[in-house]
Amino acid sequence: MKTVLTIAGSDSSGGAGIQADIKTITAHKLYAMSAVTALTAQNTMGVKSILESTPEFLADQLDCIFLDIVPDAVKIGMVSNSELIRVIAEKLREYQAKNIVVDPVMVATSGSRLLTEGAQKTLIQELLPLADLITPNLKEAECLSGVEICKKEDMIYAAQKISETIDGSVLIKGGHLDDSADDLLYEKEKTIWIRGERIENPNTHGTGCTLSSAIASNLAMGDTIEESVKKAKVYLNGALKNGMNLGHGSGPLNHCYWL
């Protein structure tokens with residue numbers, strides 16, 4: 001059985017973070033493992049409090065995983081401080097991890113910054129260069145590239161700028177464009193547009209976590225980056241179309257809709 005490791009924060013409501021990742025990986029019929037960067041007390045209406053892992057405890061988790069069940073792919077989500085980012089980068093290098101997908105959780109859907117400038121700098125310098133694929137949303141792509149994104153042409157320019165600083169591929173998620181929901185995969189100077197279907201569903205909690213975990217799952221099974229992204233989009237669209245409605249805010253997806 002193929003294995004996938006998620007390195008991310010815990011979501012007590014189960015819709016995002018490692019809970020969404022584990023559900024997604026399991027729905028792809030793979031074995032899921034997790035290293036927890038933080039515990040969050042949250043629900044569909046927001047985050048109440050956060051308790052971060054210590055760097056030492058995060059390192060212990062990663063050692064235990066890589067020395068026993070070696071992951072075929074690694075997905076990295078929320079990491080909120082520089083020390084934890086450095087630990088992850090160090091362990092990925094030490095164990096020569098493969099098929100690394102980084103969802104650079106930097107900016108909330110509301111536009112609020114989730115990383116300090118120092119942590120963002122460490123993320124860019126230490127972690128993103130190790131990734132085979134990074135999956136920023138539009139606001140995160142703006143932070144990484146310094147390019148204001150208003151239309152699809154801006155996405156191409158931003159992807160080119162980001163690619164100057166990393167060796168891996170870039171997937172800029174275009175779900176918040178005014179005139180499109182298409183995503184841009186920029187791979188080795190090749191521009192690939194992946195058509196997005198705008199689905200009328202206000203319950204989108206955890207969509208970024210779900211997409212990146214689905215991509216990592218497909219990479220673990222031997223698909224190319226382009227194939228992995230396209231299959232992950234199909235899976236995510238199905239989870240959105242399922243129309244599950246839980247909670248009083250922006251609810252979670254049905255990750256197991258196809259089981």
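Take the residues of segment 215-251 that are closer than 17 Å to Ala16 by Cβ and in contact with a Phe, Trp or Tyr (Cβ under 7 Å, 6 or more places away or on another chain): which is modelled with the lowest pLDDT?
Asn242
Whether any residue in segment 92-100 is surrounded by 14 or more Cβ atoms within 10 Å (Cβ to Cβ) and of a type in the set (S, T, N, Q) is what I want to check.
yes
Counting residues that are surrounded by fewer than 14 Cβ atoms within 10 Å (Cβ to Cβ), which helices (runs of 4 or more DSSP H) fully inside segment 147-259 reach at least 1?
It comes to 152-163, 225-241.
Of everything in segment 48-85, what is farther than 27 Å from Asn218 by Cβ, in a loop (DSSP other than H, G, I, E, B) and without any contact (Cβ under 8 Å) to a residue 12 or more places away in the chain? Give them in sequence order.
Thr54
Would segment 111-131 turn up any residue that is assigned to a loop (DSSP other than H, G, I, E, B), out of contact with any Ser or Thr (no Cβ under 9 Å at 6 or more places or on another chain) and surrounded by fewer than 20 Cβ atoms within 10 Å (Cβ to Cβ)?
Yes; the residues of segment 111-131 include at least one that is assigned to a loop (DSSP other than H, G, I, E, B), out of contact with any Ser or Thr (no Cβ under 9 Å at 6 or more places or on another chain) and surrounded by fewer than 20 Cβ atoms within 10 Å (Cβ to Cβ).
Only one of Gly206, Gly238 is within 25 Å of Lys29 (Cα to Cα) and in contact with an Asp or Glu (Cβ under 9 Å, 6 or more places away or on another chain). Can you tell me which?
After ruling out the rest, the residue left standing is Gly206.
Looking only at segment 125-173, count every residue that is touching a residue at least 60 places away in the same chain (Cβ under 8 Å) and in contact with a Lys or Arg (Cβ under 6 Å, 6 or more places away or on another chain) and tell me the total.
Residues flagged as touching a residue at least 60 places away in the same chain (Cβ under 8 Å) and in contact with a Lys or Arg (Cβ under 6 Å, 6 or more places away or on another chain) within segment 125-173 amount to 1.
Can you find, within segment 86-108, the residue that is modelled with the lowest pLDDT among those that are aliphatic (A, V, I, L, M) and assigned to a loop (DSSP other than H, G, I, E, B)? Explain how you work it out, then say what you get.
Of the residues in segment 86-108, the ones aliphatic (A, V, I, L, M) are 87-89, 92, 97, 100-102, 105-108.
Then drop every residue that is not assigned to a loop (DSSP other than H, G, I, E, B), which leaves 97, 105-106, 108.
Details: Ala97: 98, Val105: 85, Met106: 80, Ala108: 58.
Selected residue: Ala108.
Restricting the search to segment 14-33, which residues are over 16 Å from Leu259 (Cα atoms), of a type in the set (S, T, N, Q) and surrounded by 24 or more Cβ atoms within 10 Å (Cβ to Cβ)?
none
The values are calculated or read from the model by the stated rules, or taken from the named source; none is laboratory data. Bear in mind the structure is a predicted one, so any value in this text is a computation, not a measurement. Because the Cβ atoms are built from the backbone with ideal geometry, glycine has one as well, and the counts that use them run over all protein chains shown.
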